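Presented below is the structure to which this report refers.
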Amino acid sequence: MEPVKFSDLPVSEYILRAVEEMGFEFTTPIQAQAIPVVMRGGDFIGQAQTGTGKTAAFGIPAIEAVDVESKSTQVLVMCPTRELALQVKEQIQKLAKYKRGLNVAAIYGGESYERQFLALKKGSQIVVGTPGRIMDHIDRKTLILSDIKLAILDEADEMLNMGFREDIEKILSFAPEERQTVLFSATMSPEILSIAKRFQKNPEIVRTLKTEVSNANIEQFYFSVRREAKMEVMTRLIDVHNLKLMLVFANTKSKVDEIVSDLQIRGYAAEGLHGDMRQQVRTQVMSKFRAGTTTILVATDVAARGIDVSGVDAVFNYDVPQDLEYYVHRIGRTGRAGKAGKAFMFISARERGSLRNIENYTKAKIEQGTIPTYAELVQTRHQRFVDQVKEVLTAGVDNSFDGIIAQLSEEGYSEAQIMSALIKMQVGVVKSEFSDNQLSDTFREPRGNDRDARFGRDSRPAPYGRREGSSFGRDGGASRDGVQRERRFEPRERRSESPTGGRGSGNADMVRLFLSLGRKDNVAPNHIVGAITSETRIAGRAIGQIDIYDKFSFVEVPQADVKRVLDGMQGKTINARQVSMEVAK
């Protein structure tokens, strides 16, 4: 498809003037296809992802549709998050810069009603907001939708995922039936089609969605990293690649806070963004990130909706995204406007399947990255200091500091000693919590049913903790004495009791732990062993007997490792299911 200029579209001169001032000449595919259709006045469904220019695709027709002689609300834009609502408002204001008399208001939770009352009372022809706060204003009769010409649902799939369906349907029911309804979504789920069927009339559908990550400006790498070494690997990559502005994605709010705290302790200008933060704090965080005062923004996927900051050098997938689409959304925030970007993803041996799924979904090969060594880190920092010194020397130095050097020389210090001390003060001692061989969570491709290969071990004399004399066969079928694997799962009453009163090995050096998952959760011994070894780094051969029942299981671990296992497995999952563990009573 040939590039389309904005000047080739049926838009007003004031729009072209604003677009040119913003630095754009050519449209994106969704803009080229959506703007003419929406401006014709029919209902429309656009399937496109974040970062494809959707805001201008609906924002330009919205601005064109407004009659500035009327102060009533004529366009309503619904967004899933506060950040996206603010982003959309700011973008529409830029596009409408030269249309005099047009006012745009954003209404969302976390901000005082009074300020929003004033904006609405002033007469905002375009209102952008989150469904919950829009409903609040409708109930308070501070937002009237009787004159709505155009209703827009931005990132409709995300709003439905967040449970806003009832609010969306109620809001649309307040708008005139003859209105135009425009819907943008990254997916075409049954729920989206249901909304479209109920509230749209013969919508024209345009799909520009490409799950292939075709942006040649983004270099993608994955790193096989031990869970506890992720921070070390990330900071090494930041320093070696000299990254200036970064986005880090985590799956939970608690993980965001943990990452921010660790980065700040290490001296990085990091801030977090997630749903538990007050709106005022979130606004401050985003302002500092846009200004470059904060260089690392750590966020959850939902909180990051609407973040559109130019010049992001790299995106870190600290946690593997829980949804395949999130991966595309995440890395699409770097490599924009013709600039180069990098996307790094940390995975464990157990997450190799997730890597394959992402590659299949995006139809792109993600290369394995090489973790910088400690020696490379030190060399990089030293060379960077040398380059800085050269810059200062080239610019020229004055003699105002000669007295300090003379004073130290008189006290018996040589020039070499003075220089070394100054360099140490500036560069610091490069520290590392891990040796180079402690960072990678290496894995090898399984050979047939070789479970040992899957967990990165060439051999293990006691798979799943089997001790000599156990009837549990290594190959998952019959063991040497002909007893089937299922015997491990026989009901309690058919198994002998240990001297301690519960079933187990009776080994005093082993402690029996209770797990809240069982056969009904599709949990098998290899899942339990894999989770424990991955999260705690305990050798698989150290794990003792495993007993799996319908709703719970038991596993034996060395007495010396009990606390390590319980701490390491807290809040973790086994076979993608949340598990709780405690010492068996």
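The values are calculated or read from the model by the stated rules, or taken from the named source; none is laboratory data. Treat the numbers as computed from the prediction; the structure is a model and nothing was measured. Every residue, glycine among them, receives a Cβ derived from its backbone with ideal geometry; neighbour counts consider all protein chains shown.
Please work out which residue is surrounded by the most Cβ atoms within 10 Å (Cβ to Cβ), limiting yourself to the range 387-407 and to residues that are of a type outside the set (Val, Ile, Thr) and assigned to a loop (DSSP other than H, G, I, E, B). For the range 387-407, the residue satisfying everything is PHE401. Do you know which of the residues in the range 322-367 that are acidic (Asp, Glu) and modelled with pLDDT under 80 is surrounded by the most Cβ atoms within 10 Å (Cβ to Cβ)? Out of the qualifying residues, it is GLU325. Take GLY306 and decide whether it is buried (at least 22 other Cβ atoms within 10 Å of the Cβ), at pLDDT below 90, more than 11 Å from the chain's Cα centre (by Cα) and under 30 Å from SER112 (Cβ atoms). Yes.
Filtering ARG282, ARG336, ARG330, ARG290 for residues that are in a loop (DSSP other than H, G, I, E, B) and either more than 25 Å from TYR222 (Cβ to Cβ) or not aromatic (Phe, Trp, Tyr) (or both) leaves a single hit, ARG336. Can you tell me which residue in the range 526-585 is nearest to LYS230 (Cα to Cα), limited to those that are small (Gly, Ala, Ser) and assigned to a loop (DSSP other than H, G, I, E, B)? For the range 526-585, the residue satisfying everything is GLY571.
Does LEU76 meet the test of being in a helix (DSSP H, G or I), under 25 Å from THR283 (Cβ atoms) and outside the structural domain of GLY332 (by TED's automatic domain parsing)? Criteria not met by LEU76. Once the range 344-361 is narrowed to residues that are of a type in the set (Ser, Thr, Tyr) and under 18 Å from THR573 (Cβ atoms), the residue that is nearest to the chain's Cα centre (by Cα) is SER354. Across the range 366-385, a minimum of one residue is classified as acidic (Asp, Glu) and closer than 28 Å to GLU228 by Cβ.
When LEU513 is tested against (1) of a type outside the set (Asp, Glu); (2) under 16 Å from SER580 (Cα atoms); (3) modelled with pLDDT under 80, exactly one condition is not met: (3).
Any residue in the range 272-292 that is acidic (Asp, Glu) and over 24 Å from LEU355 (Cβ atoms)? There is at least one residue in the range 272-292 that is acidic (Asp, Glu) and over 24 Å from LEU355 (Cβ atoms). Please work out if ILE92 is in a helix (DSSP H, G or I), within 20 Å of TYR14 (Cβ to Cβ), in contact with a helix residue (DSSP H, G or I) (Cβ under 7 Å, 6 or more places away or on another chain) and not acidic (Asp, Glu). So ILE92 fits the description; yes. Among the criteria (1) over 24 Å from the mean Cα position of the chain (by Cα); (2) at pLDDT below 95; (3) assigned to a loop (DSSP other than H, G, I, E, B), the one GLY163 does not fulfil is (1).
Regarding the range 346-362, can at least one residue be identified that is under 28 Å from LYS253 (Cβ atoms), aliphatic (A, V, I, L, M) and part of a loop (DSSP other than H, G, I, E, B)? Taking every residue of the range 346-362 in turn, none turns out to be under 28 Å from LYS253 (Cβ atoms), aliphatic (A, V, I, L, M) and part of a loop (DSSP other than H, G, I, E, B). For the range 61-90, a residue qualifies if it is free of Cβ contacts under 8 Å to residues at least 40 places away in the same chain and over 19 Å from LEU118 (Cβ atoms), and exactly one does: GLU69. From the list LEU102, LEU86, the lone residue that is touching a strand residue (DSSP E or B) at 6+ places or on another chain (Cβ under 6 Å) and either surrounded by fewer than 24 Cβ atoms within 10 Å (Cβ to Cβ) or in the same structural domain as ALA299 (by TED's automatic domain parsing) (or both) is LEU86.
Does the range 174-184 include one or more residues that are within 30 Å of ALA340 (Cα to Cα) and modelled with pLDDT of 90 or more?
Yes; the residues of the range 174-184 include at least one that is within 30 Å of ALA340 (Cα to Cα) and modelled with pLDDT of 90 or more.
Taking the criterion of being over 18 Å from the mean Cα position of the chain (by Cα), surrounded by 16 or more Cβ atoms within 10 Å (Cβ to Cβ) and farther than 29 Å from SER354 by Cβ, would at least one residue in the range 217-236 satisfy it? Looking for residues that are over 18 Å from the mean Cα position of the chain (by Cα), surrounded by 16 or more Cβ atoms within 10 Å (Cβ to Cβ) and farther than 29 Å from SER354 by Cβ, one finds none in the range 217-236, hence no. The number of residues in the range 86-110 being among the β-branched types (Val, Ile, Thr) and in contact with a Lys or Arg (Cβ under 8 Å, 6 or more places away or on another chain) comes to 2.
Listed here are the residues, each with its yes/no results for (1) of a type outside the set (Gly, Ala, Ser); (2) touching a Lys or Arg at 6+ places or on another chain (Cβ under 8 Å).
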| position | (1), (2) |
| --- | --- |
| GLY53 | no, no |
| PRO61 | yes, no |
| LEU76 | yes, no |
| PRO80 | yes, yes |
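Residues in the range 58-73 that are of a type in the set (Asp, Glu) and not in a helix (DSSP H, G or I) were compared, and the one that is surrounded by the fewest Cβ atoms within 10 Å (Cβ to Cβ) is GLU69.
State all residues of the range 13-52 that are in a loop (DSSP other than H, G, I, E, B) and in contact with a Phe, Trp or Tyr (Cβ under 9 Å, 6 or more places away or on another chain); if no residue qualifies, say none.
Start the filter on the range 13-52 by keeping residues that are in a loop (DSSP other than H, G, I, E, B), which leaves 22-25, 27-28, 40-43, 48-52.
Selection gives PHE24, GLU25, THR27, ASP43, ALA48.
Having 2 or more residues that are among the polar types (S, T, N, Q) and in the same structural domain as ASP319 (by TED's automatic domain parsing) is the bar; report the helices (runs of 4 or more DSSP H) wholly within the range 170-269 that clear it.
253-265
In contact with a Gly (Cβ under 8 Å, 6 or more places away or on another chain), modelled with pLDDT of 85 or more and not aliphatic (A, V, I, L, M) - does that describe any residue in the range 37-53? No, the conditions are met nowhere in the range 37-53. If you check THR373, THR362 for being hydroxyl-bearing (Ser, Thr, Tyr) and out of contact with any helix residue (DSSP H, G or I) (no Cβ under 6 Å at 6 or more places or on another chain), only one passes: THR362. Evaluate the following for ARG384: is it in contact (Cβ under 8 Å) with a residue 12 or more places away in the chain, outside the structural domain of THR28 (by TED's automatic domain parsing) and buried (at least 19 other Cβ atoms within 10 Å of the Cβ)? So ARG384 does not fit the description; no.
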